1. Out of the residues in segment 39-50 that are of a type outside the set (S, T, N, Q) and either in a loop (DSSP other than H, G, I, E, B) or in contact with a Pro (Cβ under 9 Å, 6 or more places away or on another chain) (or both), state the one that is most open to solvent (accessible area, probe 1.4 Å).
2. Go through the residues of segment 256-267 one by one and say whether even a single one is crowded, with 17+ Cβ neighbours inside 10 Å, closer than 30 Å to Gly331 by Cβ, out of contact with any Phe, Trp or Tyr (no Cβ under 6 Å at 6 or more places or on another chain) and hydrophobic (A, V, I, L, M, F, W, C).
3. Taking Arg193, is it farther than 19 Å from Arg267 by Cβ, basic (Lys, Arg), touching a helix residue (DSSP H, G or I) at 6+ places or on another chain (Cβ under 7 Å) and in a helix (DSSP H, G or I)?
4. Out of curiosity, is Ala333 among the small types (Gly, Ala, Ser), under 21 Å from the mean Cα position of the chain (by Cα) and open to solvent by less than 10 Å² (accessible area, probe 1.4 Å)?
5. Answer with yes or no whether His341 is touching a strand residue (DSSP E or B) at 6+ places or on another chain (Cβ under 6 Å) and either at pLDDT 95 or above or over 30 Å from Pro100 (Cα atoms) (or both).
6. For Thr158, which of the numbered conditions (1) more than 30 Å from Lys337 (Cα to Cα); (2) crowded, with 23+ Cβ neighbours inside 10 Å; (3) of a type in the set (Ser, Thr, Tyr) fails to hold?
7. Condition (residue is modelled with pLDDT of 95 or more and surrounded by 21 or more Cβ atoms within 10 Å (Cβ to Cβ)) applied to segment 96-103: is it met by at least one residue?
8. For segment 53-64, which residues satisfy the criterion of being closer than 25 Å to Arg224 by Cα and either free of Cβ contacts under 8 Å to residues at least 40 places away in the same chain or surrounded by 24 or more Cβ atoms within 10 Å (Cβ to Cβ) (or both)?
Amino acid sequence: MFVLSEHPKRGTLKIPIYVWLPDIAHLEEGCLDQALNLSELPFALNRIVLMPDTHQGFGMPIGGVLATREVIIPNAVGVDIGCGVAFCRTSLTSDSFSRPLLTKWVEQILAIVPQGFSHHSQKQPCQTLDDFQKNHPDERQQQHLWKEIDRGYYQIGTLGGGNHFIEFQTDNAGRLCLMVHSGSRNFGYQIARYFNNVARNNRKNWQNSVPKRFALDYLPEDSREGLSYIHWMQLARQFARENREKILEAALRVLAKTIPQIEVLERSDVHHNDANRERHEGEWVWVHRKGAIKAGKGEKGLIPGAMGRSSYVVEGRGNPKAFLSCSHGAGRAMSRKQALHQYSPASVLTELEQRDMILGKRQMKDVAEEAPMAYKDIDFVIREQLDLIKIIDRLTGKAVIKG
């Protein structure tokens, strides 16, 4: 870990940037510029934090942690509010299933869980949306967003595309595990976009002095708009969690048709795009974790690698320097556009075959966007944050479903 307190072009920083990487050479220019922007925010608490998987995002780096006084920033949460990882460990051992059986399971899950931009053709049960309509009728004033609730019933239990996945894994004991990475789908995106526009359109009303080019417009926490965003953000976060639960349950039902005696030994769910009201260094602040997870002392964490690579179950050490946070994954080493230019679909498929990794995906033309080589080395990322986490288990990928 190193601390950046000054920069040749910006001089001495208002607050330092703590980076869980060996040196500044490991930071891409765009990511560093965004972190420097964050360090200029007048309401940021004491430091900016960058995890070892950090890379350029929109407004704020992915793999970034920002604590703010009295304001909340939609772009520091991100557009996929509540995106995260669900995990379960089963009673099945590696001698209970074969490669042909894994392939069969992958095909069956592909048939019942919509991927990419696909949604369900009929409304699905969703307790999260039901409860919100019952408990927050005052939010009907946000007519545009209230209409999105109806659309959300078609999106619950769908995987999405990009880096989202359903993966079959084995743990150190050889037991079969399932991991799901997905978020709040278009439902969360619409919430994020709506409130970022609200923040941008009210710059004058709130005497916002943050440069527009930073794309970090904020909502005062005690304003009507800020309180409304908090309600909708929490809704999207819970929607994302229920979304992952439904995907995981659908996958487990497929497995149970073949092996009825399957048992779930352990379950967990961790999100990595949100803002939480927390007390740090004597102040109540909004801790924005964009592509980072909470890692309080003893708190369970899930850190997936790229497809065909290892993933980790970890436990937080509660390091206050990182605002009790750690990385959310391996992190991209290159953009999707760069990956498409550098790798062919054939090269990605060959790479996965060499690792005996089964890939389930409808369209292969964009598979290079998610080439394992386009991501950072997950083992390097883990090593760089051993003062933030304790390793509990290393998981080996066996088959993956991508949108």
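The values are calculated or read from the model by the stated rules, or taken from the named source; none is laboratory data. Predicted, not measured: the structure shown is a model, and the values here were computed from it. In this analysis, Cβ positions are derived from the backbone assuming ideal geometry, glycine residues included, and neighbour counts consider all displayed protein chains. In case anyone asks, the SASA skips ligands and DNA or RNA and just uses the protein heavy atoms, side chains included. Shrake-Rupley method; radii C 1.70, N 1.55, O 1.52, S 1.80 Å.
1. So, considering only residues that are of a type outside the set (S, T, N, Q) and either in a loop (DSSP other than H, G, I, E, B) or in contact with a Pro (Cβ under 9 Å, 6 or more places away or on another chain) (or both), the one most open to solvent (accessible area, probe 1.4 Å) is Pro42.
2. no
3. Taking the combined requirement at face value, the residue does not satisfy it.
4. Criteria not met by Ala333.
5. no
6. (1)
7. no
8. Met60
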